[in-house]
There are 2 protein chains.
Amino acid sequence: MSSKKHVPYRVYLGEKELPESWYNIRADLPNLSPYLNPATKKPVTPDDMKAIFPLDLIMQEMSDERYIPIPDEVMEIYRSFRPSPLCRAYGLEKLLDTPARIYYKYEGNNPSGSHKLNTAVPQAYYNKKAGIRRLATETGAGQWGTALAVAAQMFGLECTVYMVNVSYRQKPYRKAIMEVYGAKVHPSPSPHTNTGRSILERDPDSLGSLGIAISEAVEDAATHEDTNYSLGSVLNHVILHQTIIGLEAKKQMEKIDEYPDVVIGCCGGGSNFGGIAFPFLHDKIREGKKTEFIAVEPAACPTLTKGKFAYDFGDVAKMTPIIEMYTLGHDFIPPGIHAGGLRYHGDSALVSRAYRDGLIEARAVRQTDVFKAAIQFARTELILPAPESAHAIKVAIDEALKCRETGESKCILFCLSGHGNFDLTAYEEYIAGKLADYEYPDELLNERLKCLPDV
Amino acid sequence: MSSKKHVPYRVYLGEKELPESWYNIRADLPNLSPYLNPATKKPVTPDDMKAIFPLDLIMQEMSDERYIPIPDEVMEIYRSFRPSPLCRAYGLEKLLDTPARIYYKYEGNNPSGSHKLNTAVPQAYYNKKAGIRRLATETGAGQWGTALAVAAQMFGLECTVYMVNVSYRQKPYRKAIMEVYGAKVHPSPSPHTNTGRSILERDPDSLGSLGIAISEAVEDAATHEDTNYSLGSVLNHVILHQTIIGLEAKKQMEKIDEYPDVVIGCCGGGSNFGGIAFPFLHDKIREGKKTEFIAVEPAACPTLTKGKFAYDFGDVAKMTPIIEMYTLGHDFIPPGIHAGGLRYHGDSALVSRAYRDGLIEARAVRQTDVFKAAIQFARTELILPAPESAHAIKVAIDEALKCRETGESKCILFCLSGHGNFDLTAYEEYIAGKLADYEYPDELLNERLKCLPDV
């Protein structure tokens, strides 16, 4: 097709065109290793997870069915904020003077401001269905906590959010929006759990950490019969729900007679990248499509590009299953970059396996390059991107500039996973020239990785 | 039609279905009085406005053509963020248990976060076309300044924003987002103008006011050949541009075989209300439709419901034309409610005339009732509304509850003019029970109004 055939700025789908099943890539990744029980080191059983998850989600976590139907009750709510638009980046293309065709799927037009709502809704639904009265979770920057607060509200569930204390103090807006949607927000460490109390005893002014907040939320769920735990990334069922992004994108691209040559997503735990990429990766695995996939991570937390493929814990406190994944070690504390959603020591089992099998590439980018790309995007595409999402923008721009060199007219698709309205402090620092670059020194990383067992 | 026939949650328009002209209600309001020159008290001439506005906008301000074509260059940009969705409020209807059908037009899904971008884009375009290099404006809460910064960026214009000092300090996010889009933001009063310098001399810590900021922006424009002034509401050409909202809504409702019985908009200067209402008001004036129109204002600033229809200045500093309008007096300082966009002492000439002629109604509502409605809406419709927009929600809810009493199945349409992501401090105060109600005492108001000349 001609490289600059006119397509609309935004492609939507009719309500009846919404995908009605999620895509489960477990069916197409034969080499996956099982999760291990942290105590017994044996493969995890459904029973091991029953204390904190409803059975439906446990079965999804372990299912090998290729397509899993979306329940009517979830479709009903999806329809109120989906499909998200597929946008053609005409403004950015013009700025870059590239023959590439750049598309992005914009997930920021919902009350949580990010793709997180795609999994929060089904998680709330399945918990409600299981007779659960309350959900407990942790949040760092606040996107996940906001999404779960919204979803809990929709199903009449209570929601308790353990918010990392330093964020609780620095981001009062995030706390307030969770309260608007009816959630109880505790600064973590809190006096509400044994974990929290023991830390506060030693350090009453503790700033907290995501590891502590996870421990508090899991403890809350495990010690209350009517309460379950919810996680916003990493796990299979979370990525399963996020495939709605890529499934919609496929239908939208079909409508305009397009198919991506390159699919790009930022990658922290992996649910955003998996969400946009896996439905297209299906075509590569099963139909031999030649699409490239690029998972983008911060140079400050280079799990795929520099981590080790090993069995490791999903959390600092060693309460989660042991997962085979690319990891920098479960006690790795990434530098304080302004992309809280990407500061995770590992990657989901699914993304890790796809990378290990050579199905996808990974690239690490620096913070100041990311913000430069974010501002180029904002000024041409009229959307202020979340710093996490801007990692994908940075690589989309790099790919488009390569096309300018080679003259190729590639079709580039990336996921713009959220807006940056709550990240303006970071933008201000960048504009004032105060934003630092972090790249983890290889010697230090290698020293860390030596301690991890080989797979 | 059946009261609960299924319609989609959101109705869009194809790119080719976008309206291609704005609707100019001046053609259908025969009793309009001219603006007067503040110095001569004679009707304003195009020449009087040339120092700060481009000729195209001056002609639009005075035109009596019913439809004014939208230039291709503006359409091109409109297509990147329009049409805005028309949403069916199923969640809110269910909460209220009402037979009414509630629709809202959501204008918050663009980078300025509000309807203000609809006029910022053509204003930037016409100024660019006239050879202007820079735009100067004022902003209070920051929505208008953000919109103009975005639009100026699109046309390669510089943009200088005089931001009321107290907001500049309290809302660093708003300042930052304007800078992301390339604007220069000065706290007002500033040392950059005579007005600013003279105030700073007397009071170096002045918190500023919208009146001072307007004076600085107008002075900046009037004293620089290459610079013009832009205003975000009140004037005819601003409301003209905003009619894109109602024109789209008409097409969207046609698609689902609906027509509103009631149209509701919040009303400060009047551009949001006029934008949603006037295209439907056209049908009432020219085709005898029976639709009701309700302009909603804060009880703290009850211009239509308690003001006087008189010739008055548009600004505190008496630099603007004298306009026949409902006013509380140009030196009226409304209480500090959390709806900065509605704290204006008067109303546009067009809204005022329509009200005077009995074509529309007005209603004043209290701040705490507004926030109660906002939270009901957020929890059922999954969008956090701007406090200004929540004034319209409050009255839409009242109307829907009336339908529950009477059993009528009215079709209610309101404009959700923006999101509340930058207003979370106000929500937090409401949730904490700290938000005050203000109602201006009638005795004080009447005392004020005595000083205004009769028309």
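Quick notes on this one:
- Note on region B:277-322: residues that are more than 20 Å from B:ALA392 (Cβ to Cβ), at pLDDT 95 or above and surrounded by 24 or more Cβ atoms within 10 Å (Cβ to Cβ) amount to 0.
- Once region A:324-342 is narrowed to residues that are among the aliphatic types (A, V, I, L, M) and under 17 Å from the mean Cα position of the chain (by Cα), the residue that is surrounded by the most Cβ atoms within 10 Å (Cβ to Cβ) is A:MET325.
- Leading residue by the ranking (farthest from the other protein chains (Cβ to nearest Cβ)) among those in region A:405-423 that are touching a residue at least 12 places away in the same chain (Cβ under 8 Å) and either β-branched (Val, Ile, Thr) or farther than 19 Å from A:ILE294 by Cα (or both): A:GLY407
- Reported count of residues in region A:51-97, each being closer than 24 Å to B:CYS87 by Cα, touching a residue at least 24 places away in the same chain (Cβ under 8 Å) and of a type in the set (S, T, N, Q), is 1.
- Condition met for A:ILE256 (of a type in the set (Val, Ile, Thr), open to solvent by 10 Å² or more (accessible area, probe 1.4 Å), modelled with pLDDT of 95 or more and closer than 13 Å to A:TYR103 by Cβ): yes
- Exactly one residue out of B:SER198, B:SER209 is in contact (Cβ under 8 Å) with a residue 24 or more places away in the chain and out of contact with any helix residue (DSSP H, G or I) (no Cβ under 6 Å at 6 or more places or on another chain): that is B:SER209.
- Filtered by the rule that a residue be more than 19 Å from A:PHE371 (Cα to Cα) and at pLDDT below 95, region B:164-186 gives B:VAL164, B:ASN165, B:VAL166, B:SER167, B:TYR168, B:ARG169, B:GLN170, B:LYS171.
- Filter result (in contact with a helix residue (DSSP H, G or I) (Cβ under 9 Å, 6 or more places away or on another chain), open to solvent by 10 Å² or more (accessible area, probe 1.4 Å) and not in a helix (DSSP H, G or I)) within region A:114-131: A:HIS115, A:LYS116, A:ALA130
- Summed over region B:186-239, residues that are among the small types (Gly, Ala, Ser), open to solvent by less than 50 Å² (accessible area, probe 1.4 Å) and closer than 18 Å to B:ASP48 by Cβ total 4.
- Residue selection: B:ASP398 fails the criterion of being open to solvent by 20 Å² or more (accessible area, probe 1.4 Å), touching a Lys or Arg at 6+ places or on another chain (Cβ under 6 Å) and more than 12 Å from chain A (Cβ to nearest Cβ).
- For first residues located in region A:27-42 and in a loop (DSSP other than H, G, I, E, B), partners that are open to solvent by 40 Å² or more (accessible area, probe 1.4 Å) and lie 6+ apart or on another chain with Cβ distances below 6 Å form the pairs A:PRO34/A:PRO43; A:ASN37/A:ASP48; A:PRO38/A:LYS318.
- Considering (1) within 11 Å of chain B (Cβ to nearest Cβ); (2) in a strand (DSSP E or B), the lone condition that A:TYR103 does not fulfil carries the number (1).
- Residues in region A:50-64 that are part of a helix (DSSP H, G or I) and either at pLDDT below 95 or closer than 12 Å to A:ILE132 by Cβ (or both): A:LEU55, A:ASP56, A:LEU57.
Every residue, every condition in (1) away from every other protein chain (no Cβ under 14 Å); (2) open to solvent by 70 Å² or more (accessible area, probe 1.4 Å); (3) closer than 26 Å to A:GLN252 by Cα; (4) touching a helix residue (DSSP H, G or I) at 6+ places or on another chain (Cβ under 6 Å), yes or no:
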site	(1), (2), (3), (4)
A:HIS6	no, yes, yes, no
A:SER33	yes, no, no, no
A:PRO71	yes, no, yes, no
A:TYR90	no, no, yes, no
A:LYS94	no, yes, yes, no
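- Across region B:9-18, the qualifying residues are those that are closer than 12 Å to B:LYS250 by Cα and in contact with a Lys or Arg (Cβ under 7 Å, 6 or more places away or on another chain), and the one among them that is most open to solvent (accessible area, probe 1.4 Å) is B:GLU17.
- Only one of the listed residues (A:ARG26, A:ARG66) is away from chain B (no Cβ under 12 Å) and surrounded by fewer than 16 Cβ atoms within 10 Å (Cβ to Cβ). That residue is A:ARG66.
- Candidate set: region B:366-389, residues that are more than 10 Å from every other protein chain (Cβ to nearest Cβ) and open to solvent by 10 Å² or more (accessible area, probe 1.4 Å); chosen: the one farthest from A:ILE177 (Cα to Cα): B:ARG366
- Among the residues of region A:211-254, those identified as part of a loop (DSSP other than H, G, I, E, B) and farther than 17 Å from A:MET319 by Cβ are A:GLU225, A:ASP226.
- Test: residue in region B:97-113 that is surrounded by 24 or more Cβ atoms within 10 Å (Cβ to Cβ) and closer than 21 Å to B:GLY211 by Cβ: no
- Considering only residues in region B:142-163 that are touching a strand residue (DSSP E or B) at 6+ places or on another chain (Cβ under 6 Å) and under 17 Å from B:ALA339 (Cβ atoms), the one that is least open to solvent (accessible area, probe 1.4 Å) turns out to be B:GLY145.
- Yes/no for B:LYS402 being without any contact (Cβ under 8 Å) to a residue 12 or more places away in the chain and farther than 21 Å from B:LYS116 by Cβ: yes
- Boolean, B:LYS171 is touching a residue at least 60 places away in the same chain (Cβ under 8 Å), surrounded by fewer than 24 Cβ atoms within 10 Å (Cβ to Cβ), within 14 Å of another protein chain (Cβ to nearest Cβ) and of a type outside the set (Val, Ile, Thr): yes
- In the set B:ARG363, B:ARG353, B:ARG343, only one residue is at pLDDT below 95 and of a type in the set (Lys, Arg); that residue is B:ARG343.
The values are calculated or read from the model by the stated rules, or taken from the named source; none is laboratory data. Predicted model, so just to flag it, every value in this text is computed and none were measured. Glycine also receives a Cβ, built like all others from the backbone with ideal geometry; neighbour counts cover every protein chain displayed. Accessible surface areas use protein heavy atoms only, side chains included; no ligands, DNA or RNA. Shrake-Rupley method; radii C 1.70, N 1.55, O 1.52, S 1.80 Å.
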